[in-house]
Every structure is written in structure tokens, then in C-alpha cells.
1. With respect to residue 34, is the statement that it is closer than 21 Å to residue 101 by Cβ, of a type outside the set (Phe, Trp, Tyr) and exposed (fewer than 14 other Cβ atoms within 10 Å of the Cβ) true?
2. Hey, among the residues in the range 37-52 that are in contact with a helix residue (DSSP H, G or I) (Cβ under 8 Å, 6 or more places away or on another chain), open to solvent by 50 Å² or more (accessible area, probe 1.4 Å) and assigned to a helix (DSSP H, G or I), which one's modelled with the highest pLDDT?
3. How do the pairs read when you match residues in the range 14-28 that are under 19 Å from residue 45 (Cα atoms) with residues anywhere that are open to solvent by less than 50 Å² (accessible area, probe 1.4 Å) and charged (D, E, K, R), using Cβ under 6 Å and keeping only pairs 6 or more apart or on different chains?
4. Being part of a helix (DSSP H, G or I) and within 16 Å of residue 22 (Cβ to Cβ) narrows it down to one residue among 118, 75, 89, 57; which is it?
Amino acid sequence: MTKNDSALFYTCSLIEFMSRLRHLKRNVLVNLLGETIIGRIYRNSDVLHCEVIDSVADKFIELANIPEGDFDNVAACKYNIPDYWTIGAVYERLIEDVSDEINAKSIMTVYNSWVSDAISNYNTDFYYQPRDYIRECYLEGKVL
């Protein structure tokens, strides 16, 4: 398994960007995108990252007919808001650390777990904890 997988980093960052743009929980967005589109993003990230992220997000939002939601963890944040690249890196590391193989299914598994809500709560320090700690929390099914 590749550590520091740039395709995975881009995929997770784009998921974060689109979730913020459409005001959706991360698991809701990945389920709307589905395995096929997430796989396409992951496989083509080397080309997609050359485009403006807003444009790429708009294309996939339109392709998957992603609706507007009402989840706004950015507005609810009382402190400095981590950018979508920072949160993308958190997900990338976690997916690398808990998956035997990186693919759309392994990406969706992490986003559909309890840990996604913990990472998305920017009013806590969970998202910037060491990767080993986040991995152990994920595996234990709770914040330790």
C-alpha cells in the first residue's frame, strides 16, 4: 500500500470541498457520488488536479445531481476553520492506515463510519490529532 497517495489525497480533498459547497455531511456526499464516480475521481486525479477545484467540483456535482443540504460545519465553527486540503489529508492518512487496498469502496467505508462526524467537528481537536491516535480511535469505534 502506498503512503502519501496523492490520488487519494486529491480525492478526499475534493470530497471535502464538494461537501462544504453543497452543505452535506461527508457520508451523504460519498453515498450520492457512489463507487463509480469516486473511483473515477481517484483514477483520474492526476489530470483533475490540474484544473481549478471549483470547476472539477461543479462537474461532479452536476454529473451526480448532488442536491443542496443544510449541514454547515464551517459556519458552526468557533475557531480557525481547517481548509479542505487539511481535512483531505486527515482522511487520506486514515484510509491508508486502515485499508488493505485503496479503492472507492475503502474510501466510502471510512466516510460512512462514525469517525467522519468526529473529523467534521471543527470545534474539537480531533481532526489534528496524530494519525496513529485517529487510527486507533477508528479501530476502537470511539474517541479514546
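1. Yes; evaluated as a whole, the condition is true for this residue.
2. 43
3. 19/26
4. Result: 57 is the single residue among 118, 75, 89, 57 that is part of a helix (DSSP H, G or I) and within 16 Å of residue 22 (Cβ to Cβ).
The values are calculated or read from the model by the stated rules, or taken from the named source; none is laboratory data. These numbers come from a predicted model, not from an experiment. Don't worry about glycine lacking a Cβ; one is built from the backbone with ideal geometry, like all the others, and counts go over all protein chains shown. For the accessible areas, the whole protein counts, side chains as well, though only heavy atoms, and no ligand, DNA or RNA atoms are used. Shrake-Rupley method; radii C 1.70, N 1.55, O 1.52, S 1.80 Å.
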